[in-house]
1. Is any residue of the stretch 198-226 close enough, with backbone N under 17 Å, to a label point placed 7 angstrom from the Cα of A157 along the Cα-Cβ axis, and if so, which?
2. Please name whichever of V217, L168, L91 sits farthest to the positive end of the charge dipole of the chain, dipole taken about the Cα centre and charges placed at Cβ: Lys and Arg +1, Asp and Glu -1.
3. Report the residue, chosen from V192, V140, V202, that carries the largest GNM mean-square fluctuation when the chain is represented by alpha-carbon nodes joined by springs under 10 Å.
4. Against the longest principal axis of the chain, how steep is helix 196-216, in degrees 0 to 90 to the nearest 10, with axes from Cα atoms?
5. Roll a 1.4 Å probe over the protein chains and send me the accessible area per residue for the stretch 186-312 in Å².
6. Ordered by residue, what ³J(HN,Hα) values in Hz, to whole numbers, does the stretch 43-57 give under the Karplus form 6.51 cos²θ - 1.76 cosθ + 1.60, where θ = phi - 60° and Gly and Pro are x?
7. Would you mind getting me the FRET efficiency between D77 and R97? Use the beta-carbon distance for r and R0 = 25 Å, nearest 0.05.
8. Run the dipole for the stretch 117-181 about the Cα centre, Lys and Arg Cβ at +1, Asp and Glu Cβ at -1, nothing else charged, and hand back the magnitude in debye, nearest 20.
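The values are calculated or read from the model by the stated rules, or taken from the named source; none is laboratory data. Please read these numbers as outputs of a predicted model, since none were measured by experiment. Note that we place each Cβ from the backbone using ideal geometry, even for glycine, and neighbour counts take in every protein chain shown. Surface areas here come from the heavy atoms of the whole protein model, side chains and all, with no ligands, DNA or RNA. Shrake-Rupley method; radii C 1.70, N 1.55, O 1.52, S 1.80 Å.
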Amino acid sequence: MSSQALGPVSPSLLTRLACPLRVAFEQTWGRRSREPSEAAVLGTVAHRTIELALDRSEVNDAWAQGCAEEQARSGTDPMSYPAARRTLLRLKKHLPRLLELLNTMPDSRRLSETWLETADSALGGQADLIAISTDNLAMVIDYKSGLVTDDDGVKSAYVRQLLFYGVLASECLGVTPVMLALLSLREGVVQVEPAAEGMAEVAALARAGRLDYNQRVPGSQPANASEENCKWCPYAARCSAFWQGVEPHWAGSVGETVRGRVAADPEHAATGVTTMQVVVEHGPRAGSTAILAGIPSGLVANAVLSARWSAP
């Protein structure tokens, strides 16, 4: 598969560059998008509510405006979701702490979701909020709907994201990050040390990944199949490296994976789901026969198969 030169690397692209072949898939097939989930919609509304509340809007008013804007955009009323009230209560609980932090930097200039790009065009991204004091000190804050910590502390992906934003603030705005923080609707304000060595390491990793990728363009890119890299990859099913590398213990992340030949006519239920028998040729169950049940019939009703399966 051919590849194209990369522009600025963002925090999310840096994560995906852990498997360069995934990025090449994206360039060929496009980024896969799904219908936003309830959690994603409420997360978007929560972001907008925080933005409005920082402009001195009352939280209830900001929430109502955020919901109204989302309904006008998508036609769905977020207030109808079962988790809507819980999201609003979490905002009311944790927003005051963020406002307290910002008040420690009076007369600060605030940049909300502002795209920043380094002079060499190697790095780019937009933090949810950067507050800059009159003496060029900066707070960098990103909002999260879910949990941001695990048994080992702040999740490593979020630490790297904040350090990346710290780099952008430093290189693009000429400020010194003195606070990196996450506002989690589940856990409140969670801080990460703005260590200079950590920011330098992340910047070097991103620039090196971009350089390595671009040096292989327009040729193919290597795969790095692992449980971590493959669990969210929408191209895994068509990736030979995935099928060569998938292990039984990955099931918790990627599910039970089988690839093979349909061995008998599928059975279509009146409920709109299909069951099929497959001779497994790839994956941990290779050499066995698997019964795949509960498949939405629309996923298997392509022209070739429907011709075979249409007999009464």
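1. 224-226
2. Of the listed residues, the answer is V217.
3. V192
4. 40
5. Spelled out: the 1.4 Å probe surface of the stretch 186-312, per residue, equals 60 Å².
6. x, 4, 5, 4, 4, 5, 4, 4, 4, 5, 5, 5, 8, 6, 7
7. 0.30
8. Working: 3 positive and 9 negative charges, 16 e Å.
My answer is approximately 80 debye.
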